[in-house]
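K.L.:
So that we are looking at the same thing, I have put the structure below in structure tokens.
The values are calculated or read from the model by the stated rules, or taken from the named source; none is laboratory data. Owing to the predicted nature of the structure, the values given are computational and were not obtained by experimental measurement. Quick reminder, even Gly has a Cβ in these numbers, built from the backbone with ideal geometry, and neighbours come from all protein chains shown. We work out accessible area using only protein heavy atoms, side chains counted, and drop any ligands, DNA or RNA first. Shrake-Rupley method; radii C 1.70, N 1.55, O 1.52, S 1.80 Å.
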Amino acid sequence: MGTVKAGLPLADPAADADRARLQQLGYKQELKRGLSVVSNFAFSFAIISVLTGVTTTYNTGLRYGGPASMTLGWLVVATFNGCVALSMAEICSAYPTSGGLYYWSAKLAGKDWAPLASWVTGWFNIVGQWACTTSVDFSLAQLVQVIILLSTGGANGGGYLASKYVVLAIYTAILIVHGLINSLPIQWLSWFGQLGAFWNVAGVFVLVILIPSVAKERASAEFIFTHFNTENGMEIHSKPYILALGLLMSQYSSIGYDTSAHMTEETKNAEWSGPMGIVSSVALSSIFGWIYLLSLTSVVTDIPYLLDASNDAGGYAIAQALYTTFHRRYGSGVGGIACLGVIAVAVFLCGTACVTSNSRMGYAFSRDGAMPFSQIWHRVNKQEVPLNVVWLSVAVAFVMALTSLGSQVAFQAMVSIATLGLYISYALPIVFRVTTARKSFVPGPFHLGKYGPLVGWVAVAWVSHVTVLFCLPVAYPVAEDNFNYTPVAVGGVLALSLGAWVLHARFWFRGPVTNVVDAA
């Protein structure tokens, strides 16, 4: 921090300004400020991870609408999702704290509603983040299983198909490694965030060039942009309905950019760097994601076969497409397996960033006394790392994944709140920004000027629309093995948070708790 002259360190004006602003917001500087704007951006970009989101949810997009719903739907989602990101960035600039969304709700909802608004927003956000960690790391375990299956001969060649218990063991090992990485000081953790950003950019660049150039059979531009798949095996034939369900792939691929907000207490020039991390990560992910999506879809020529559970990859569409592409060209699918390895590394780095974001949110939420045993979770060690809450994040993610042993339907219900839980927590402070705080909101260095309220209303309308889409039935007739439990899961979070508020929390929770004397 600065240089040394006459035995005394020179003050860092930027660091002093960040510390002073944090004190105005009510908190002491306890975490180490070691992140630049690039590092802050890198964490969100690594969590959004288009290699992760597009690859792991491609089956959904291919089944519901196919190429047209994915390639054109991506542009629709990117446009409206950009409004959500811009509104969040504007609020983040005004309130750069690790608490992020729940702190924003408290400040924007008005004095009377602040505690309840903060409580509900916080619980949606942290549960959504737990589910996000679970979803990403379990997707990686499933991808590793597919890589092993194809490497040992495929499902039709005597390949090794791991049981659900083996997949859970792989998942557990991944979680533990992520916990160990997140136990490192912020300087080392920053390196993993930057590696995640670099790997996604480099990975997309390599795969976008490699995949179409290797393919002997490529889909036409007309097929990529206009072919609409209605043969989904789910007895859904209404094109508008199918298109609506197909948008969910693009929406899931764009979550997690609140990480930049949760890292602001560890970021230099946080009032500007945090918002720029949010906006730039969403913008670049939208561009890179679309290009990557086009590249993948260029080798999709037989949709029913790719979705068929009896193919070599067990119905994992992208794995089968890559394996087939290289096998047709070279007589071996090794190149396709290598491509899956590149994607697996991106998913691993995404999971690392998920635990990082999750732990910082847990640290801030417990610092304000909102979690059971809060005094344990907000402690930091000598390296200024919230170690206890890092391992709490890992433990909760492990427990959530145990539902996979019961049924995949139950597991999907659990992780569905990864998307909706987070987006609801994104929308709540924006709702308050354009309603109760429409006249009192004081913007920070990053602001939208007179367009702020308009962009905010568009963001709120989009999240409301997406919430309805996620709750629609995904198959007919509706049965136990295809029932969409998303509204049950999300409704459960709402019911439990409101129930806890009415019965207990309203008597003591007052929202963000000031821990400095001179807070504004």
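K.L.:
What's the number of the condition PHE509 fails, among (1) open to solvent by less than 50 Å² (accessible area, probe 1.4 Å); (2) in a helix (DSSP H, G or I); (3) more than 15 Å from LEU245 (Cα to Cα); (4) not small (Gly, Ala, Ser)?
P.N.:
The number of the failed condition is (2).
K.L.:
Name the single residue that is nearest to the chain's Cα centre (by Cα) among those in segment 377-387 being more than 20 Å from TRP119 (Cβ to Cβ) and either open to solvent by 10 Å² or more (accessible area, probe 1.4 Å) or without any contact (Cβ under 8 Å) to a residue 12 or more places away in the chain (or both).
P.N.:
Within segment 377-387, the first condition is being more than 20 Å from TRP119 (Cβ to Cβ), and the residues that meet it are 379-387.
If we keep only those that are either open to solvent by 10 Å² or more (accessible area, probe 1.4 Å) or without any contact (Cβ under 8 Å) to a residue 12 or more places away in the chain (or both) as well, we get 379-384, 387.
Values: ARG379: 25, VAL380: 25, ASN381: 27, LYS382: 29, GLN383: 27, GLU384: 25, LEU387: 22 Å.
Checked segment 377-387; the qualifying residue nearest to the chain's Cα centre (by Cα) is LEU387.
K.L.:
Tell me the residue from GLY159, GLY233, GLY154 that is at pLDDT below 90 and under 20 Å from ALA313 (Cα atoms), please. Spell out the reasoning first.
P.N.:
Working: GLY159 fails: at pLDDT below 90; GLY154 fails: at pLDDT below 90.
Of the residues listed, the single one that is at pLDDT below 90 and under 20 Å from ALA313 (Cα atoms) is GLY233.
Residue by residue, here is whether (1) crowded, with 24+ Cβ neighbours inside 10 Å; (2) modelled with pLDDT under 90; (3) under 30 Å from LEU207 (Cβ atoms); (4) touching a Phe, Trp or Tyr at 6+ places or on another chain (Cβ under 9 Å) holds:
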| site | (1), (2), (3), (4) |
| --- | --- |
| TRP272 | no, no, no, yes |
| ILE278 | yes, no, yes, yes |
| ILE287 | no, no, yes, no |
| SER295 | no, no, yes, no |
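K.L.:
Tell me, yes or no, whether segment 257-264 has at least one residue that is open to solvent by 10 Å² or more (accessible area, probe 1.4 Å) and of a type outside the set (Phe, Trp, Tyr). Lay out the reasoning, then the answer.
P.N.:
Keep residues of segment 257-264 that are open to solvent by 10 Å² or more (accessible area, probe 1.4 Å), which gives none.
Checked against the condition, which is being open to solvent by 10 Å² or more (accessible area, probe 1.4 Å) and of a type outside the set (Phe, Trp, Tyr), segment 257-264 yields no hits at all.
K.L.:
Sticking with this one: Name the single residue, out of those in segment 146-165 being touching a Phe, Trp or Tyr at 6+ places or on another chain (Cβ under 9 Å) and not hydroxyl-bearing (Ser, Thr, Tyr), that is most open to solvent (accessible area, probe 1.4 Å).
P.N.:
Of all residues in segment 146-165, those touching a Phe, Trp or Tyr at 6+ places or on another chain (Cβ under 9 Å) come to 146, 148-154.
Add one more test, that the residue is not hydroxyl-bearing (Ser, Thr, Tyr), and what stays is 146, 148-150, 153-154.
Details: VAL146: 8, ILE148: 63, LEU149: 4, LEU150: 5, GLY153: 32, GLY154: 0 Å².
Checked segment 146-165; the qualifying residue most open to solvent (accessible area, probe 1.4 Å) is ILE148.
K.L.:
Kindly indicate which of GLY61, GLY7 is modelled with pLDDT of 80 or more and of a type outside the set (Val, Ile, Thr). Show your work before the answer.
P.N.:
Values: GLY7 fails: modelled with pLDDT of 80 or more.
So the residue among GLY61, GLY7 that is modelled with pLDDT of 80 or more and of a type outside the set (Val, Ile, Thr) is GLY61.
K.L.:
So for segment 398-420 (the condition being in contact with a Gly (Cβ under 8 Å, 6 or more places away or on another chain) and either farther than 28 Å from VAL488 by Cα or of a type outside the set (Val, Ile, Thr) (or both)), does at least one residue qualify? Talk me through it step by step, then tell me what you get.
P.N.:
Narrowing segment 398-420 to residues in contact with a Gly (Cβ under 8 Å, 6 or more places away or on another chain): 417-420.
Those left that are additionally either farther than 28 Å from VAL488 by Cα or of a type outside the set (Val, Ile, Thr) (or both): 418, 420.
Scanning segment 398-420 turns up at least one residue that is in contact with a Gly (Cβ under 8 Å, 6 or more places away or on another chain) and either farther than 28 Å from VAL488 by Cα or of a type outside the set (Val, Ile, Thr) (or both).
K.L.:
Here's a follow-up. Give just the number: which of (1) open to solvent by less than 60 Å² (accessible area, probe 1.4 Å); (2) closer than 30 Å to ILE236 by Cα; (3) assigned to a helix (DSSP H, G or I); (4) without any contact (Cβ under 8 Å) to a residue 12 or more places away in the chain does GLY499 not satisfy?
P.N.:
Of (1) open to solvent by less than 60 Å² (accessible area, probe 1.4 Å); (2) closer than 30 Å to ILE236 by Cα; (3) assigned to a helix (DSSP H, G or I); (4) without any contact (Cβ under 8 Å) to a residue 12 or more places away in the chain, only one is false for GLY499: (2).
K.L.:
For the structure I just gave you, tell me whether CYS92 is more than 20 Å from THR133 (Cα to Cα), crowded, with 24+ Cβ neighbours inside 10 Å and not small (Gly, Ala, Ser).
P.N.:
Working: more than 20 Å from THR133 (Cα to Cα): yes; crowded, with 24+ Cβ neighbours inside 10 Å: yes; not small (Gly, Ala, Ser): yes.
Considered against the rule, which asks whether it is more than 20 Å from THR133 (Cα to Cα), crowded, with 24+ Cβ neighbours inside 10 Å and not small (Gly, Ala, Ser), CYS92 comes out as yes.
K.L.:
On the given criteria, is VAL38 open to solvent by 10 Å² or more (accessible area, probe 1.4 Å) and either closer than 26 Å to SER93 by Cα or without any contact (Cβ under 8 Å) to a residue 40 or more places away in the chain (or both)?
P.N.:
Details: open to solvent by 10 Å² or more (accessible area, probe 1.4 Å): yes; either closer than 26 Å to SER93 by Cα or without any contact (Cβ under 8 Å) to a residue 40 or more places away in the chain (or both): yes.
Here the answer is yes, as VAL38 does meet what is asked.
K.L.:
Next up: Output the helices (runs of 4 or more DSSP H) that fall wholly within segment 180-274 and possess 1 or more residues being under 30 Å from PRO473 (Cα atoms) and in contact (Cβ under 8 Å) with a residue 60 or more places away in the chain, or say none.
P.N.:
Result: 221-226, 239-252.
K.L.:
Filter segment 425-471 for residues that are among the basic types (Lys, Arg) and more than 23 Å from LEU116 (Cβ to Cβ) and give the result. Working first, answer last.
P.N.:
First pass over segment 425-471, keeping only residues among the basic types (Lys, Arg): 433, 438-439, 450.
LYS450 - this is the single residue of segment 425-471 that is among the basic types (Lys, Arg) and more than 23 Å from LEU116 (Cβ to Cβ).
K.L.:
Another question about this same structure. In this structure, is SER254 of a type in the set (S, T, N, Q), crowded, with 19+ Cβ neighbours inside 10 Å and over 19 Å from THR57 (Cα atoms)?
P.N.:
Working: of a type in the set (S, T, N, Q): yes; crowded, with 19+ Cβ neighbours inside 10 Å: yes; over 19 Å from THR57 (Cα atoms): no.
Here the answer is no, as SER254 does not meet what is asked.
K.L.:
Here's another thing I want to ask about it. Would you pick out the residues in segment 300-314 that are open to solvent by 10 Å² or more (accessible area, probe 1.4 Å) and either under 17 Å from GLY53 (Cα atoms) or outside any helix (DSSP H, G or I) (or both)?
P.N.:
Result: THR301, ASP302, ASP308, ALA309, SER310, ASP312, GLY314.
K.L.:
Suppose we filter ILE126, ILE181, ILE176, ILE186 for residues that are under 26 Å from the mean Cα position of the chain (by Cα), open to solvent by 50 Å² or more (accessible area, probe 1.4 Å), hydrophobic (A, V, I, L, M, F, W, C) and within 18 Å of ASN358 (Cβ to Cβ); which single one remains?
P.N.:
Numbers: ILE126 fails: open to solvent by 50 Å² or more (accessible area, probe 1.4 Å); ILE181 fails: open to solvent by 50 Å² or more (accessible area, probe 1.4 Å); ILE186 fails: open to solvent by 50 Å² or more (accessible area, probe 1.4 Å).
That would be ILE176, the only listed residue that is under 26 Å from the mean Cα position of the chain (by Cα), open to solvent by 50 Å² or more (accessible area, probe 1.4 Å), hydrophobic (A, V, I, L, M, F, W, C) and within 18 Å of ASN358 (Cβ to Cβ).
K.L.:
Something else about it: Can you tell me which of TYR305, TYR330, TYR363, TYR323 is under 22 Å from VAL394 (Cβ atoms) and either of a type in the set (Ser, Thr, Tyr) or in contact (Cβ under 8 Å) with a residue 40 or more places away in the chain (or both)? Before the answer, list the steps.
P.N.:
On the way: TYR305 fails: under 22 Å from VAL394 (Cβ atoms); TYR330 fails: under 22 Å from VAL394 (Cβ atoms); TYR323 fails: under 22 Å from VAL394 (Cβ atoms).
Result: TYR363 is the single residue among TYR305, TYR330, TYR363, TYR323 that is under 22 Å from VAL394 (Cβ atoms) and either of a type in the set (Ser, Thr, Tyr) or in contact (Cβ under 8 Å) with a residue 40 or more places away in the chain (or both).
K.L.:
Select from segment 419-439 the residues that are in a helix (DSSP H, G or I) and among the hydrophobic types (A, V, I, L, M, F, W, C) and list them in ascending order. Outline the logic, then answer.
P.N.:
Taking segment 419-439 as the starting set, the residues that turn out to be in a helix (DSSP H, G or I) are 419-434.
Within segment 419-439, LEU420, LEU422, ILE424, ALA427, LEU428, ILE430, VAL431, PHE432, VAL434 qualify.
K.L.:
Do the conditions hold for ALA215, that is, is it open to solvent by 20 Å² or more (accessible area, probe 1.4 Å), among the aliphatic types (A, V, I, L, M) and either at pLDDT 90 or above or more than 30 Å from LYS268 (Cβ to Cβ) (or both)?
P.N.:
Values: open to solvent by 20 Å² or more (accessible area, probe 1.4 Å): no; among the aliphatic types (A, V, I, L, M): yes; either at pLDDT 90 or above or more than 30 Å from LYS268 (Cβ to Cβ) (or both): yes.
Against the criterion (open to solvent by 20 Å² or more (accessible area, probe 1.4 Å), among the aliphatic types (A, V, I, L, M) and either at pLDDT 90 or above or more than 30 Å from LYS268 (Cβ to Cβ) (or both)), ALA215 does not qualify.
K.L.:
Test PHE138 against the criterion of being closer than 25 Å to ASN358 by Cβ, modelled with pLDDT of 90 or more and not in a loop (DSSP other than H, G, I, E, B), and give yes or no. Can you show your working first?
P.N.:
On the way: closer than 25 Å to ASN358 by Cβ: yes; modelled with pLDDT of 90 or more: yes; not in a loop (DSSP other than H, G, I, E, B): yes.
Yes, satisfied.
K.L.:
Quick one: in segment 316-327, which of the residues that are open to solvent by 10 Å² or more (accessible area, probe 1.4 Å) and of a type outside the set (Ser, Thr, Tyr) is farthest from ILE209 (Cα to Cα)?
P.N.:
HIS327
K.L.:
When you look at GLU265, is it in contact with a Phe, Trp or Tyr (Cβ under 9 Å, 6 or more places away or on another chain) and modelled with pLDDT under 90, yes or no? Break it down stepwise before answering.
P.N.:
Numbers: in contact with a Phe, Trp or Tyr (Cβ under 9 Å, 6 or more places away or on another chain): yes; modelled with pLDDT under 90: yes.
Considered against the rule, which asks whether it is in contact with a Phe, Trp or Tyr (Cβ under 9 Å, 6 or more places away or on another chain) and modelled with pLDDT under 90, GLU265 comes out as yes.
K.L.:
Helices (runs of 4 or more DSSP H) wholly in segment 17-74 with at least 3 residues that are polar (S, T, N, Q) - which ones?
P.N.:
Working: elements: 37-48, 50-56, 58-63.
Those helices (runs of 4 or more DSSP H) span 37-48, 50-56.
K.L.:
Of the residues that sit in segment 476-496 and are in a loop (DSSP other than H, G, I, E, B) and open to solvent by less than 60 Å² (accessible area, probe 1.4 Å), which one is farthest from THR121 (Cα to Cα)? It would help to see each step written out before you state the result.
P.N.:
Going through segment 476-496, the residues in a loop (DSSP other than H, G, I, E, B) turn out to be 476-485.
Next cut, open to solvent by less than 60 Å² (accessible area, probe 1.4 Å) only: 479, 482, 484.
Numbers: ALA479: 32, ASN482: 30, ASN484: 24 Å.
Applying the filter and picking the extreme gives ALA479.
K.L.:
Additional query: Among (1) touching a residue at least 24 places away in the same chain (Cβ under 8 Å); (2) assigned to a helix (DSSP H, G or I), there is one condition VAL442 misses while meeting the rest; what is its number?
P.N.:
(2)
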